[in-house]
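FYI, it's all coordinate maths here, none of it is from the lab. On a predicted model such as this, the values are computed, not experimentally measured, just so you know. Using ideal geometry, Cβ is built from the backbone for each residue, glycine included, and neighbour counts are taken over all protein chains shown.
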Amino acid sequence: MEYELIKTFRFEAAHSLPNVPPDHKCRRLHGHGYRIDIHVTGQPDPHTGWVVDFGEIKRIVGDILDNDLDHRNLNDVAGLENATSEVLAKYLWDRITPELPTLSAITVWESDTSRCTIRP
C-alpha cells in the first residue's frame with residue numbers, strides 16, 4: 001500500500017504573460033489568489049507512523065512562498081519571466097525536490113476552475 005499526503009498553501013501574486021498575442025487579456029498585469037497542493041508519496045515510518053511530518057512540508061514550501069512569491073509580481077522573479085501555471089509548477093518542483101525527495105506532484109491552482117499538475 002502506498003500513501004499520499006497533500007498539504008495545501010495559498011499566496012497572492014500578480015503576473016502577466018508576455019508571450020501571448022498583444023490583445024490577449026492575460027498579457028495585461030493581473031493577479032491571482034494561488035493555491036498550491038504539495039503531494040508527497042511513500043510508506044509511513046514504523047516508529048512515527050507518518051510518511052513525512054506536515055510541519056516539514058510547511059517549513060520547506062512556506063519559506064519559498066513567503067520569501068520569494070507572495071505579494072510579488074512573478075515576472076520579476078528569476079525563472080518566472082513568463083509565469084504561466086506550468087512554468088510556476090516547474091519552478092516550485094525544482095526548488096522543493098532537493099529538500100523533499102518524496103515529492104510526487106504539485107498542483108498550481110490559479111483559480112477555482114483552472115489548475116496545472118506536474119509529476120515526475
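Tabulated results
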{"item": "Inter-label distance, nm, simple model (7 Å from Cα along the C-beta direction), Lys58/Asp70", "result": "1.2"}
{"item": "Projected label distance in nm at Thr48 and Tyr3, using a 7 Å step from Cα toward the beta-carbon", "result": "1.0"}
{"item": "For the chain, Kirkwood radius (reciprocal of mean inverse C-alpha pair distance, Å)", "result": "15.1"}
{"item": "Ranked list, fewest to most other Cβ atoms within 10 Å of each Cβ, for Arg119, Arg35", "result": "Arg119, Arg35"}
{"item": "Net charge dipole size for the chain [Lys, Arg +1 and Asp, Glu -1 on Cβ; Debye, nearest 20]", "result": "360"}
{"item": "Relative contact order of the chain, defined on C-alpha pairs under 8 angstrom at six or more residues apart (%)", "result": "30"}
{"item": "Net charge contributed by nearby residues that have their C-beta within less than 12 Å of Val108 (K/R +1, D/E -1)", "result": "+1"}
{"item": "Likely footprinting exposure, Leu29, Leu74, fewest C-beta neighbours within 10 Å first", "result": "Leu29, Leu74"}
{"item": "Neighbourhood charge, 14 Å Cβ-Cβ cut-off, centred on Asp76 and excluding it, Lys, Arg +1 and Asp, Glu -1", "result": "-2"}
{"item": "In order through the range 25-34: 3J(HN,Hα) via Karplus (6.51 cos²θ - 1.76 cosθ + 1.60), integer Hz, x for Gly, Pro", "result": "4, 7, 6, 6, 4, 8, x, 9, x, 6"}
{"item": "Val77, Val108 arranged by Cβ crowding within 10 Å, fewest neighbours leading", "result": "Val77, Val108"}
